[in-house]
1. Does residue 28 fit the bill of being among the basic types (Lys, Arg), surrounded by 14 or more Cβ atoms within 10 Å (Cβ to Cβ) and under 21 Å from residue 118 (Cβ atoms)?
2. Looking at (1) under 10 Å from the mean Cα position of the chain (by Cα); (2) under 30 Å from residue 8 (Cα atoms), which is the only condition residue 97 fails?
3. Within region 31-51, can you find the residues that are small (Gly, Ala, Ser) and open to solvent by 40 Å² or more (accessible area, probe 1.4 Å)?
4. Just one of 141, 113 is open to solvent by less than 70 Å² (accessible area, probe 1.4 Å), at pLDDT below 85 and more than 30 Å from residue 11 (Cβ to Cβ); which is it?
5. Mind listing whichever residues of region 1-49 are within 25 Å of residue 62 (Cα to Cα) and charged (D, E, K, R)?
6. Among the candidates 59, 76, 92, 69, which residue alone is out of contact with any Lys or Arg (no Cβ under 9 Å at 6 or more places or on another chain), of a type in the set (S, T, N, Q), without any contact (Cβ under 8 Å) to a residue 60 or more places away in the chain and within 25 Å of residue 6 (Cβ to Cβ)?
7. Can you tell me how many residues in region 52-78 are among the hydrophobic types (A, V, I, L, M, F, W, C) and open to solvent by 90 Å² or more (accessible area, probe 1.4 Å)?
8. If you go through region 2-25, how many residues are open to solvent by less than 50 Å² (accessible area, probe 1.4 Å) and either aromatic (Phe, Trp, Tyr) or over 25 Å from the mean Cα position of the chain (by Cα) (or both)?
Amino acid sequence: MTLTDRQIDQRIALLKRFRKMLEQQREKFSQYLGVLDQQEAAVQTGDTEKVAQHAMIEQEILRDILSLQKVIDPLQDMYHQAFPGGDEQIHQLQNGLERLRDQVLQRNEETRAFLHRKKQELQERIASLTIPKTKRSVYAAQSTPNLIDISL
């Protein structure tokens, strides 16, 4: 099977685009790992403001990753059709991406477990608080007045 110059150019463009998208996704996963590190540090210090900020950043990065994946999936199908044997660099990129994805999932699970433990600790501390059952006024220790002066 002989390929025309146009077909070769299209395959090269496809390969470059596919590689670029995989590299962008790898970068997003690396950013996500960094955010998870920062979030874990914020959780350990008890800084709820930073935890909330990191959660918002995390959601943004996840949206980016998912939008990249929507582009990568059709490119990957086209890539497999155009290059049945595949390219070694693309395989390395995909393997690296899989490792990063696994790291992200593992770190995310560790963070969730840590947050769950902290939540349990807080619930136990709240449950152990003793709250007075009777209504007691801050003025209860003072004597109540018996007479009211209505003269002017």
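The values are calculated or read from the model by the stated rules, or taken from the named source; none is laboratory data. The structure presented is a predicted model; accordingly, all values stated were derived computationally and were not measured. For neighbour counting, all protein chains shown are included, and Cβ atoms are generated from backbone atoms with ideal geometry for every residue, glycine included. Side chains included, ligands, DNA and RNA excluded: accessible areas come from the protein's heavy atoms. Shrake-Rupley method; radii C 1.70, N 1.55, O 1.52, S 1.80 Å.
1. no
2. (1)
3. Residues of region 31-51 small (Gly, Ala, Ser): 34, 41-42, 46.
Passing the criteria: 41, 46.
4. Values: 141 fails: open to solvent by less than 70 Å² (accessible area, probe 1.4 Å).
Only one candidate qualifies: 113.
5. 16, 17, 19, 20, 23, 26, 27, 28, 37, 40, 47, 49
6. 76
7. From region 52-78, those among the hydrophobic types (A, V, I, L, M, F, W, C) are 52, 55-57, 61-62, 65-66, 68, 71-72, 75, 78; that's our starting set.
Checking which are open to solvent by 90 Å² or more (accessible area, probe 1.4 Å) leaves us with 56, 66, 78.
Result for region 52-78: 3.
8. Of the residues in region 2-25, the ones open to solvent by less than 50 Å² (accessible area, probe 1.4 Å) are 14-15, 18, 21-22, 25.
Next cut, either aromatic (Phe, Trp, Tyr) or over 25 Å from the mean Cα position of the chain (by Cα) (or both) only: 14-15, 18.
Final tally of qualifying residues: 3.
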